[in-house]
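Q: Below are the structure tokens for one structure; questions will follow.
The values are calculated or read from the model by the stated rules, or taken from the named source; none is laboratory data. Just so it is clear, the model here is predicted, and its values are computed rather than measured. Counting neighbours? That spans all protein chains shown, and the Cβs are built from the backbone with ideal geometry, glycine included. We work out accessible area using only protein heavy atoms, side chains counted, and drop any ligands, DNA or RNA first. Shrake-Rupley method; radii C 1.70, N 1.55, O 1.52, S 1.80 Å.
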Amino acid sequence: MFVPAMYREPDARWISELIRRHPLALLMTNGGDEDGPFGTHLPIITDPRQPAADPAGLIGSTLAGHMNRANPQWKAMRSGMPAVLSFSGPNGYVSPAHYEFGPAAPTWNYTAVQLRGVVEPIDSHDETLSVVSATSATLEAEFGGGWDQAESIGHFLRILPGVGAFRFTVTCAESIFKLSQEQKSDARERVCRHFQEADGAHRGVAEYMNRLTEAK
């Protein structure tokens with residue numbers, strides 16, 4: 001990931017926060033010459049064996065996810081295989097109309113995290129169930145409405161033969177928070193106001209823009 005210095009996160013904890021708030025990642029691994037690279041979107045959580053991951057330092061930590069065993073990416077996965085997890089945060093189009101000067105070019109404000117690491121497929125039935133249960137519990141706590149998975153364990157066990165769980169050990173963590181830092185303060189304020197007045201998804205861009213200003 002290419003990250004110009006002005007777009008780097010002001011605090012390493014921003015990386016873990018973005019992952020927690022936007023856990024749907026694109027897992028990318030290499031395939032053979034005929035298949036080419038693989039990519040699957042799936043939710044990622046902290047490895048349930050490692051509940052106390054340091055939010056300020058992801059390198060060396062372990063994450064977990066799962067996919068359908070019928071997925072060709074799962075079938076090609078090998079222990080120790082290099083992989084990339086890509087997470088997307090709030091983003092949105094920036095029209096030059098908000099700058100109130102010209103000439104200017106349109107751009108896109110966005111936030112993203114890329115983790116490099118190695119994957120380890122999980123063969124154990126119990127550990128696979130642990131990942132599935134932990135994923136459900138983590139996402140329900142963050143985004144759900146109070147659903148209790150206890151009565152669904154039987155269903156989990158029925159679908160488990162078709163689930164391929166894996167661990168991902170982080171070797172490199174990079175992020176980009178491209179939020180109009182290249183513009184003068186008055187232009188940034190107008191762009192931020194535009195996102196504040198937009199729909200809910202775009203308000204997340206304004207939130208990060210405001211936090212970035214406060215962090216300086």
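Q: List, please: which pairs have Cβ atoms under 8 Å, are six or more places apart or on different chains, and start with a residue in the stretch 1-23 that is more than 25 Å from residue 140 (Cα to Cα) and touching a residue at least 60 places away in the same chain (Cβ under 8 Å) and end with one that is among the basic types (Lys, Arg) and open to solvent by 50 Å² or more (accessible area, probe 1.4 Å)?
A: Qualifying pairs under 8 Å: 10/216.
Q: Against the condition closer than 22 Å to residue 4 by Cβ, in contact (Cβ under 8 Å) with a residue 40 or more places away in the chain and either part of a strand (DSSP E or B) or open to solvent by less than 70 Å² (accessible area, probe 1.4 Å) (or both), how does residue 63 come out, does it pass?
A: no
Q: Where residues in the stretch 12-37 are open to solvent by less than 50 Å² (accessible area, probe 1.4 Å) and more than 17 Å from the chain's Cα centre (by Cα), which of them is modelled with the highest pLDDT?
A: 31
Q: Then there's this: Need a quick list: helices (runs of 4 or more DSSP H) entirely within the stretch 104-211 having at least 3 residues that are among the hydroxyl-bearing types (Ser, Thr, Tyr) and open to solvent by 80 Å² or more (accessible area, probe 1.4 Å).
A: Correct list: empty, since no element meets the threshold.
Q: Something else: Within the stretch 77-103, can you find the residues that are hydroxyl-bearing (Ser, Thr, Tyr) and open to solvent by less than 50 Å² (accessible area, probe 1.4 Å)?
A: Scanning the stretch 77-103 gives 86, 95, 99.
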